[in-house]
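**Student:** Provided herewith is a single structure, encoded as structure tokens, for subsequent inquiry.
The values are calculated or read from the model by the stated rules, or taken from the named source; none is laboratory data. Remember, predicted model here, so these are calculated numbers, not experimental data. When we count neighbours, we look across all protein chains shown, and the Cβ atoms used for this are built from the backbone with ideal geometry, even at glycine. Areas reflect the complete protein model, heavy atoms only, side chains present, ligands, DNA and RNA absent. Shrake-Rupley method; radii C 1.70, N 1.55, O 1.52, S 1.80 Å.
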Amino acid sequence: GEDVEQSLFLSVREGDSSVINCTYTDSSSTYLYWYKQEPGAGLQLLTYIFSNMDMKQDQRLTVLLNKKDKHLSLRIADTQTGDSAIYFCAERTSYDKVIFGPGTSLSVIP
Amino acid sequence: DTEVTQTPKHLVMGMTNKKSLKCEQHMGHRAMYWYKQKAKKPPELMFVYSYEKLSINESVPSRFSPECPNSSLLNLHLHALQPEDSALYLCASSQESSSGNTIYFGEGSWLTVV
């Protein structure tokens with residue numbers, strides 16, 4: 001079946017690294033995405049990774065994919081207060097179907 | 001330009017009203033989506049259009065009726081809604097390219113049913 005899981009809350013100190021984890025069940029997933037949602041706003045695409053890749057780096061963001069364990073992580077280096085938001089992991093399970101995890105609420109302590 | 005535009009931003013409607021939500025993208029994307037998001041929950045897929053044809057309907061009640069008049073526009077017609085349908089409705093579009101498959105979302109339409 002199709003299911004995406006994430007831990008619901010994460011709290012880090014400003015300047016530290018944040019690591020948000022995600023697990024998924026569909027082994028046929030082609031793309032995995034990370035979105036950021038701030039209060040009252042839509043979804044901002046942060047980054048994505050193709051399922052045949054292990055890692056992708058984009059400035060402060062590093063995505064790691066362990067396809068064998070169906071585990072995805074997002075590392076945010078030098079976390080800032082502006083990074084406080086809800087982070088959604090999402091998987092593309094078939095040609096056009098994209099489903100989301102429950103979201104991880106990241107709180108950055110100054 | 002990675003913009004998906006949704007109107008209106010806010011809508012209040014009665015249970016007997018008929019209204020529509022509109023979505024527009026000019027990126028030439030072939031797929032367009034409607035998602036529903038309740039407070040503190042993830043977006044839930046409702047409909048997907050591919051090349052202007054409905055390709056996915058996630059068993060959505062018939063009081064929600066999607067329409068894709070052309071490749072840039074996507075509408076969601078609303079009729080006889082219930083208060084529990086109050087939510088943020090998000091439109092998205094996507095396209096495959098040599099660099100991958102990206103999905104961009106609009107800012108959403110906040111719907112309140114009274």
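**Student:** Tell me which of these A:Gly82 doesn't satisfy, since it passes every other one: (1) buried (at least 17 other Cβ atoms within 10 Å of the Cβ); (2) free of Cβ contacts under 8 Å to residues at least 40 places away in the same chain.
**Tutor:** (1)
**Student:** Looking at (1) under 19 Å from B:Phe105 (Cα atoms); (2) of a type in the set (A, V, I, L, M, F, W, C); (3) free of Cβ contacts under 8 Å to residues at least 24 places away in the same chain, which is the one condition that is false for A:Leu64?
**Tutor:** Result: A:Leu64 passes all but (1).
**Student:** Then there is this: Identify the residue in segment A:26-43 that is surrounded by fewer than 15 Cβ atoms within 10 Å (Cβ to Cβ) and of a type outside the set (Asp, Glu) and, among all such residues, is nearest to the other protein chains (Cβ to nearest Cβ).
**Tutor:** Of the residues in segment A:26-43, the ones surrounded by fewer than 15 Cβ atoms within 10 Å (Cβ to Cβ) are A:27-28, A:38-41.
Narrowing the set further to residues that are of a type outside the set (Asp, Glu) leaves A:27-28, A:39-41.
On the way: A:Ser27: 18, A:Ser28: 14, A:Pro39: 10, A:Gly40: 9, A:Ala41: 6 Å.
In this case the residue turns out to be A:Ala41.
**Student:** Right, something else. I want to confirm something. Restricting to segment A:1-25 and keeping residues that are among the small types (Gly, Ala, Ser) and at pLDDT below 95, which single residue is surrounded by the fewest Cβ atoms within 10 Å (Cβ to Cβ)? Give the steps one after another, and end with the answer.
**Tutor:** At the first step, the residues of segment A:1-25 found to be among the small types (Gly, Ala, Ser) are A:1, A:7, A:11, A:15, A:17-18.
Filter once more, so that each one left must be at pLDDT below 95: A:1, A:7.
Working: A:Gly1: 5, A:Ser7: 14.
So, considering only residues that are among the small types (Gly, Ala, Ser) and at pLDDT below 95, the one surrounded by the fewest Cβ atoms within 10 Å (Cβ to Cβ) is A:Gly1.
**Student:** Shifting gears a bit: Quick one: is A:Thr23 away from chain B (no Cβ under 11 Å) and touching a His at 6+ places or on another chain (Cβ under 8 Å)?
**Tutor:** Yes: the conditions hold for A:Thr23.
**Student:** Of everything in segment B:89-111, what is among the β-branched types (Val, Ile, Thr) and either under 13 Å from the mean Cα position of the chain (by Cα) or under 18 Å from B:Glu44 (Cβ atoms) (or both)? Give them in sequence order. Explain how you work it out, then say what you get.
**Tutor:** Our first condition is that a residue be among the β-branched types (Val, Ile, Thr); within segment B:89-111, this holds for B:102-103.
Listed by number, the list holds a single entry, B:Ile103.
**Student:** Follow-up. Among what's in segment A:93-110 and is under 16 Å from A:Thr23 (Cβ atoms) and in contact with a Leu (Cβ under 8 Å, 6 or more places away or on another chain), pick the residue that is farthest from the other protein chains (Cβ to nearest Cβ).
**Tutor:** Of all residues in segment A:93-110, those under 16 Å from A:Thr23 (Cβ atoms) come to A:93, A:99-104.
Then drop every residue that is not in contact with a Leu (Cβ under 8 Å, 6 or more places away or on another chain), which leaves A:99, A:102-104.
Numbers: A:Ile99: 6, A:Pro102: 5, A:Gly103: 5, A:Thr104: 11 Å.
Ranking the candidates gives A:Thr104 first.
**Student:** Shifting gears a bit: Suppose we filter segment B:33-86 for residues that are open to solvent by 60 Å² or more (accessible area, probe 1.4 Å) and either of a type in the set (D, E, K, R) or facing chain A (nearest Cβ under 10 Å) (or both); how many remain?
**Tutor:** Number satisfying all stated conditions: 11.
**Student:** Tally the residues that are aliphatic (A, V, I, L, M) and under 23 Å from A:Phe50 (Cβ atoms), restricting the search to segment A:11-30. Break it down into steps so the answer makes sense when it comes.
**Tutor:** In the first step, residues of segment A:11-30 are kept if they are aliphatic (A, V, I, L, M); the result is A:12, A:19-20.
Going one step further and asking which of them are under 23 Å from A:Phe50 (Cβ atoms), we end up with A:19-20.
Number satisfying all stated conditions: 2.
**Student:** Is it the case, given these coordinates, that B:Leu45 is within 12 Å of the chain's Cα centre (by Cα) and farther than 12 Å from B:Asn75 by Cα? It would help to see each step written out before you state the result.
**Tutor:** Working: within 12 Å of the chain's Cα centre (by Cα): yes; farther than 12 Å from B:Asn75 by Cα: yes.
Answer is yes for this residue.
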